[in-house]
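These notes concern the structure reproduced below.
The values are calculated or read from the model by the stated rules, or taken from the named source; none is laboratory data. Quick caveat: nothing in here was measured; it's all calculated off a predicted structure. Here the Cβ positions follow ideal geometry from the backbone for every residue, glycine too, while neighbour counts run over all protein chains shown. Note: accessible area is taken over every heavy atom of the protein model, side chains too, but ligands, DNA and RNA are not part of it. Shrake-Rupley method; radii C 1.70, N 1.55, O 1.52, S 1.80 Å.
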Amino acid sequence: MAGTDWSATALAQRLGCECVGDAHVRVTHVATLAGAGPGGLAFCASDAYREQLAATPASAVICRAADRPYCPVTALVSDNPYLAYARAAGLLHPEPSLAAGRHETALVAADATIDPTASIGPYAVVEGGASIGAGARIDAGAFVGRGSHVGAGAHLHPRTVLAVGCRIGASSVLHAGAVVGSDGFGFARDGERWEKVPQLGGVVVGEDVEIGANATVDRGALEDTVIEDGVKLDDQVHIAHNVRVGAHTVIAGQSGIAGSTTLGRCCQVGGHVAITGHIRIADGVAIYGMTAVTNSITQAGQYASPMPAQEVSGWRRNAVRFLKLDDHYRRLLALEKTVRDMHQRDED
Amino acid sequence: MAGTDWSATALAQRLGCECVGDAHVRVTHVATLAGAGPGGLAFCASDAYREQLAATPASAVICRAADRPYCPVTALVSDNPYLAYARAAGLLHPEPSLAAGRHETALVAADATIDPTASIGPYAVVEGGASIGAGARIDAGAFVGRGSHVGAGAHLHPRTVLAVGCRIGASSVLHAGAVVGSDGFGFARDGERWEKVPQLGGVVVGEDVEIGANATVDRGALEDTVIEDGVKLDDQVHIAHNVRVGAHTVIAGQSGIAGSTTLGRCCQVGGHVAITGHIRIADGVAIYGMTAVTNSITQAGQYASPMPAQEVSGWRRNAVRFLKLDDHYRRLLALEKTVRDMHQRDED
Amino acid sequence: MAGTDWSATALAQRLGCECVGDAHVRVTHVATLAGAGPGGLAFCASDAYREQLAATPASAVICRAADRPYCPVTALVSDNPYLAYARAAGLLHPEPSLAAGRHETALVAADATIDPTASIGPYAVVEGGASIGAGARIDAGAFVGRGSHVGAGAHLHPRTVLAVGCRIGASSVLHAGAVVGSDGFGFARDGERWEKVPQLGGVVVGEDVEIGANATVDRGALEDTVIEDGVKLDDQVHIAHNVRVGAHTVIAGQSGIAGSTTLGRCCQVGGHVAITGHIRIADGVAIYGMTAVTNSITQAGQYASPMPAQEVSGWRRNAVRFLKLDDHYRRLLALEKTVRDMHQRDED
C-alpha cells in the first residue's frame, strides 16, 4: 500500500499539527500502530492504545499532546488525531485520477450536458436532459435517468442507478449498487387490491453526502425526498418517500426510515434501526443499533430499545413471561395493597 | 410537474366522482392541499386536514362528502378520495411512453421471443428461450435469464436481474436492482463444512405485483417460490426459497420471510419484520414494523413485538432486569403465597 | 426438470450409499416425496415424513437405515440423507457448462490476466491488473476492479461488483447484485461535519464461499476484511469493514455485522441479526434470528433476544410496562422486605 512520500514536518504543517521529534523522517503510507513498518504513519486517539504506542515500529504517529510522552518516534500532535489521520490518509493515498471524457461504450443522450472534465465509464447510460458536473465520475454500468443532475466532483460507483429527475449535490458519492429515485411505496386501497399511487416527487441529495452500497432512497410522492448536506448513509440503508434527513446526520448499515419522517441535523443512528413513518426526530439524537423508533423524539439525547442476547433457555423463559408483563404488574399492585392493608391492621 | 389538461367535470366523470362547484375549472397536475397553485388538484381524506382544505389554493380537491362544505373550490366527491387521487394522478401524469423495439446495444438471444410492442433498453441482456410479452419494458442493463418469461405490460427497471427459468406476470414491476431467482440458501451439513443443495425450483410472480428496489426473491429448492397476484413488496424486502406470499399482501421495506413459510392473502407487514421459516400466517394478518414472528399465526388480527425506544439510561436498567424476568416472576409467585399464608393465619 | 439418467445402484455407489430394493430402477431427477413421479429421486431425513415416505410415488428414496422399512421403493441408505440428496441433485442436474472465452462485448483491460478456460459474459468489465482463474465465470454486467483476483472455478453472477484490490477464492460464488469491496463506513468528526477516512484495506474472500444476492462486504480501513473458507452468506447480509468471519460460518438473510468484529468458526447466525462492532464471538455459536448481539460471546451455545409477536392490545400493555421494569423490580424487592419483616414480627 505504497503512497506518496512526505517529510513529517511537511505533513504536520499541512495538517496543522505540531511536529515533535525528527522532523525529517519520511512517511509514505498510513498503517496501524502495531502493524506499521518503516515509512508508516499511525495514529493514537485513546489511552487504550498507549502500550501499542510505546512499542510502535511506525516512523511517525499522530497523537494527542497527552500521549506524546509515550510516543517513541516522531509525533504529529493534534487535538483530534483521528481527523488528522483521515486527512493524512487522503494526502498519502490520493485516489488515482481518472482521465476525463467518455468511454467509447458510454451511451450519452444528445441533449445531456456533460462537463468536459467529467468521466463517464464503460456501459454507463446517461439519458436525455441529464447534466453531469465538472470532475464528476460516472462509473461502469451506472445509470443516470432523464433530467437528473450530478454535481461537480460527485461519484457514482459501478452499477448505481439515479432515476429520472433527481439531483445529487457536489462531491457526493453513491456506492456500488445504490438506487436513488425508485418509486416510493404508495398504494391506495381498492377493495382487497391496491392501486398504485404515482410517485411524482424526486430526490434531492445535498453536497458531500455518501450513500452506501445497495442502499435505496425513494422518490417522493408529490414533493421531494431530501437528504441534506453532509449526510452519510451506510450500506443497505433504506430511506422511504418524503423523508428528510437533516444535515450531517449519519445512519449505519441496514437501518430504514419510513415515509414522511423528518430526522434532525447531526443525528447518529446505529445499524438495523427502524424508524416509523410520519414522525419527527429532533436534532442531535443518537439512536442505538437495532432500536425501534415508533414515536417522535423531541429532545436531543441517546435512545435505545434492543433486548440483549442471552443463552436460549433463559431467553425462552423470560420471553414467555414478557407476554404477561402487564398481568404480573397488576398482581404486584394488588399484592402491595394487600400487604399495606395487613400492615395497617397489624398497626391498629 | 406539468401534466395533461382536464376540466374538473371530465375528470370527475372518468373517476366516478360527483363534481360540485365550477365544473369547467381546469386541472393540470396533482399537488398537496397546502402547496397547490392554479391548475392543481389536491385531495383530502381525513378530518385532520380540514384547516388546510379550507385554505387551499388548489383549483379542485378530491374529498369525502363530509368534507365538501369545507372545500372552498371545486370538489370531486368520492367515498375513497385517496384511491380517486391515485387514479387522477395517473391520468394527469401518464408515464411517458417508450418507443417499442430494441436498443441497438440490447443483446437478445436468437431464440428469445420478443413481442414487437415490447421495449428492450440499452445494454439489456435477454438469454435464449426467454419470452417478453406485449408492451413489456426491459430497461437499461436489465438481465433476463434463459427460459424466463416477462408478462405483457411488465416493467423491469434498470439493473434488475431475472434469473433463469422464472416468470413475471402481466403488469408487474421490478424496481431497480431487484433480483428475482437467485439461489435459495440451502446447504447440507458435511462435518464442519456445508455442501450446497442445488436450487432447482423457480420463482413465479403473479400479475400486478411490485417488487422494490434491491429486493431479493430466491428460487425454490425443488418447487417454486410463489408471489401471488397484486402483492406489493417494498425496497430491500427478502423472500426466501419456497415461500408463498398470498394475493394482495403488502410488505414494507427491509422485511424478510424465511424459507417455506406461507403468508396469507391481504396481509399487511410493516418494515423490518422478520418472519421465521416453515410457518403459516393466516389471511388478513397485520404485523407491525420490527416484529419478530417465530410461530404460525392462525387468526386474522394485528400483531406486534418491538420494544419501544427509551432514553438510554432507563433502557439499560430495564434491559438488565429483563434478563431475570422469569426469576422475578417466580419471586412474585412466592411472595403471593407467603402473603396468602400470613393472611390465612391472621384470619385463623 | 429433466436431469441426467442413472441406475439406482450406480448413483448409490457414487454417493457411498447402500442400495436396497430394485437396483436397476432408473432415476432422472430429484423431487419431493409427495410430488415425485416415475424417475423421481426423493429423500427422507426425519420421522415426520414417514407417512409421505410410505406413499411416495418416487422411483427411489434416499433415507436413513431406520426409515428403510417404511420405504415402498428402492432405498439409498445413508447416515446423512440430506447431504446425499444434495450431492445426488448435483449429479442429476449438473449446471449447464458455459463455453470458455469472452463475449465480444466484454471489456477486458489489456493487462488483465484471464485464464483461457474462464468465461467472461456480455457487458462484463474487467479492469487492469485483475486476474481471473481457470474455469471461473464472470456473468453479464459483472464488474471486476483494478488488481482484483477471482479464483479458479469462482462464479460472479450478473451485475455483481468486485471493487479494486479484492480477492475471491476458488469455487466461491457472488450472487446477483452482491457488492464486495465498497468503502467501509468510516468518518472522523470535524465539528458538526464528518470527514471521510479513506478505506485503504481490501476484502479477502476464501474458497468455497457464497455471498448472497445484493449482499455487501465492505473493504477494510487499513487492514483487510476477511471471509474465511466455506462461509455462506445469505441475501442482503452486510459485513462491515475489518470484520473477520470464521470458516464454515453461515449467516442468514439481512443480518449485519458491524466493524472490526470477529465471528468464530462454524457459527450459525439467523436472519435479521445485528451484531455490534469491535466484539468477538466464539467458535460454534448459534444466534437465533432477529437477535441483537451487543457484547462479546465467549462460549459456544445458542443465544437469542427477540420478543415474541403477540396480539397488538396485549403487546401495547406489556411494552408500556417494560419501560418501568426496573422500577417494578425495586418495588418487588421492597415488598419482599416488608413481608419478611412482618413475618419476622409475627414469629416474635
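How much accessible surface area, in Å² rounded to 10, belongs to the heavy atoms of A:TYR85 with a 1.4 Å probe?
Ignoring ligands and nucleic acids, A:TYR85 comes out at about 10 Å².
What is the Cα centroid distance between segment A:144-203 and segment C:93-115, reported in whole angstrom?
33 Å
Read phi for every residue in segment C:126-132 and hand back ³J(HN,Hα) as whole Hz from Karplus 6.51 cos²θ - 1.76 cosθ + 1.60, θ = phi - 60°, with x for Gly and Pro.
Couplings: 10, 7, x, x, 6, 9, 10 Hz.
Could you tell me, in Å, what Rg and Dmax come out for the Cα atoms of segment B:184-237?
Taking only Cα atoms of segment B:184-237, I get Rg and Dmax of 14.1, 45 Å.
When each copy gets a label point 7 Å from Cα toward the beta-carbon at A:ASP346, what are the spacings between them in nm, shortest first?
Ordered by increasing distance: 0.9, 0.9 nm.
Given H placed 1.01 Å from N in the peptide plane, which residues other than close sequence neighbours of A:SER148 have an amide H under 5 Å from its amide H?
For A:SER148, the qualifying residues are A:ALA130, A:SER131, A:GLY165, A:CYS166.
Kindly work out what percent of the DSSP beta bridges joining two residues of segment C:102-303 are antiparallel, to the nearest 5.
In segment C:102-303, approximately 5 percent of DSSP beta bridges are antiparallel ones.
For a quick size check, give me the Cα extents of segment B:145-238 along its three principal axes, largest first, whole Å.
Result, largest extent first: 48, 23, 21 Å.
Does the protein assembly as shown classify as rounded, prolate or oblate by the C-alpha gyration tensor (a ≥ b ≥ c root eigenvalues; a/c under 1.5 gives rounded; else a/b over b/c gives prolate, otherwise oblate)?
Here the protein assembly as shown falls in the rounded category.
Non-local amide H neighbours of A:ASP190 (under 5 Å, H modeled in plane, Pro and chain starts lacking H): which ones?
The answer is A:GLU195.
Considering only DSSP beta bridges whose two residues both sit in chain A, what percent are antiparallel, to the nearest 5?
Approximately 10 percent, going by the DSSP bridge assignments.
Just how much of B:HIS103 is accessible, in Å², when a 1.4 Å probe is used and the result is rounded to the nearest 10?
Counting only protein heavy atoms, B:HIS103 exposes about 60 Å² to solvent.
Please list, in order along segment B:312-329, the HN-Hα scalar couplings obtained from phi with the Karplus expression 6.51 cos²θ - 1.76 cosθ + 1.60 (θ = phi - 60°), rounded to whole Hz, x for Gly and Pro.
4, 5, x, 4, 4, 4, 5, 5, 5, 5, 4, 5, 10, 4, 5, 4, 5, 4
Tell me the distances, shortest first, between C:ASP190 and the same position across the other copies, using label points 7 Å along Cα→Cβ, in nm to one decimal.
Output for C:ASP190: 5.2, 5.2 nm, nearest copy listed first.
I need two numbers for segment A:5-162: Rg to one decimal and Dmax as a whole number, Cα atoms only, in Å.
Answer for segment A:5-162, Rg first and Dmax second: 21.4, 63 Å.
Rounded to the nearest 500, what is chain B's calculated 222 nm mean residue ellipticity when only DSSP H runs of at least 4 contribute -39500 (n - 2.57) each, over all residues?
-5000 deg cm²/dmol
Using +1 on the beta carbon of Lys and Arg, -1 on that of Asp and Glu, and nothing else charged, what's the dipole of segment C:102-303 about the Cα centre, debye to 20?
Taking the Cα centre of segment C:102-303 as origin, the dipole is about 200 debye.
Within 10 Å of each Cβ in B:223-235, how many Cβ atoms from other chains are there, averaged over the peptide?
3
Enumerate the lysines that A:LYS337 could reach by cross-link, defined here as Cα to Cα under 23 Å, with residues fewer than 8 away along the same chain left out.
Within the straight-line limit of under 23 Å, A:LYS337 reaches these lysines: A:LYS324, B:LYS337, C:LYS324, C:LYS337.
Just to be sure I understand: of the beta bridges DSSP finds with both ends in the protein assembly as shown, what percent are antiparallel, rounded to 5?
Taking every DSSP beta bridge with both residues in the protein assembly as shown, the antiparallel ones total about 15 percent.
Can you find, among C:ASN295, C:GLN310, C:ALA252, the residue sitting farthest towards the positive end of the charge dipole of segment C:221-348, where Lys and Arg contribute +1 and Asp and Glu -1 at Cβ?
Selected residue: C:GLN310.
What dipole magnitude, in Debye to the nearest 20, does the protein assembly as shown give about its Cα centre under +1 on Lys/Arg Cβ and -1 on Asp/Glu Cβ?
780 debye
Could you bin all the Cα-Cα distances of segment B:205-348 into 5 Å bins starting at 0 and give me the percent of pairs in each, rounded to whole numbers?
With a bin width of 5 Å, the distribution comes to 2, 9, 15, 18, 12, 8, 8, 7, 6, 5, 3, 3, 2, 1, 0.
Taking the Cα centre of segment C:51-140 as origin, sum charge times position over the Cβ atoms of Lys and Arg (+1) and Asp and Glu (-1), and report the length of that vector in debye to the nearest 20.
340 debye
Work out the charge dipole of segment A:6-92 with +1 on the Cβ of Lys and Arg and -1 on the Cβ of Asp and Glu about the Cα centre, then indicate which of A:VAL77, A:ALA60, A:TRP6 is farthest towards its positive end.
A:TRP6
For chain C, what does the convex hull of the Cα positions come to per residue, in cubic angstrom?
About 240 Å³ per residue, rounded to a whole number.
Taking amide hydrogens as modeled 1.01 Å from N in the peptide plane, which residues meet the under 5 Å criterion relative to B:MET290, leaving out close sequence neighbours?
B:GLY271, B:HIS272, B:VAL273
Among B:HIS155, B:HIS238, B:HIS278, which one moves the most in a GNM of chain B with springs linking Cα atoms closer than 10 Å?
Judging by the Gaussian network model, the answer is B:HIS278.
Would you mind calculating the relative contact order of segment A:101-303 from Cα pairs under 8 angstrom and at least 6 residues apart, reporting the percent as a whole number?
RCO, segment A:101-303: 10 percent.
At 1.4 Å probe size, with no ligands or nucleic acids counted, give the accessible surface of A:ILE132 in Å², nearest ten.
10 Å²
Using a Gaussian network for chain B with springs between C-alpha atoms less than 10 Å apart, which of these wobbles most: B:ARG330, B:ARG219, B:ARG189?
B:ARG330
Put a label point 7 Å from Cα along the Cβ direction on A:GLU18, then list its distances to the equivalent points in the other copies in nm, shortest first.
8.2, 8.2
Report, please, the projected area of segment A:101-303 averaged over directions, based on the convex hull of its C-alpha atoms, in nm².
10.9 nm²
Residue by residue through segment C:209-221, what is 3J(HN,Hα) from phi via Karplus (6.51 cos²θ - 1.76 cosθ + 1.60, θ = phi - 60°)? Round to whole Hz and write x for glycine and proline.
With coefficients 6.51, -1.76 and 1.60, one gets 9, 10, 10, x, 4, 6, 6, 9, 10, 7, 6, x, 6 Hz.
Given a Förster radius of 60 Å and the C-beta distance between B:ALA110 and C:HIS24 as r, what FRET efficiency does 1/(1 + (r/R0)^6) yield to the nearest 0.05?
In this case the efficiency is close to 0.90.
For chain B, set up a Gaussian network in which alpha carbons nearer than 10 Å are linked by springs, and say which option among B:ASP190, B:ASP326, B:ASP111 fluctuates the most.
B:ASP326
Which one, B:VAL209, B:PHE322, B:GLY184, projects farthest toward the positive side of the charge dipole computed for chain B from Cβ point charges (K/R +1, D/E -1)?
Checking the options against the dipole of chain B, the answer is B:PHE322.
Roughly how large, in nm² to one decimal, is the mean projection of the convex hull of the alpha-carbon atoms in segment B:6-92?
Seen from a random direction, the Cα hull of segment B:6-92 projects 4.3 nm² on average.
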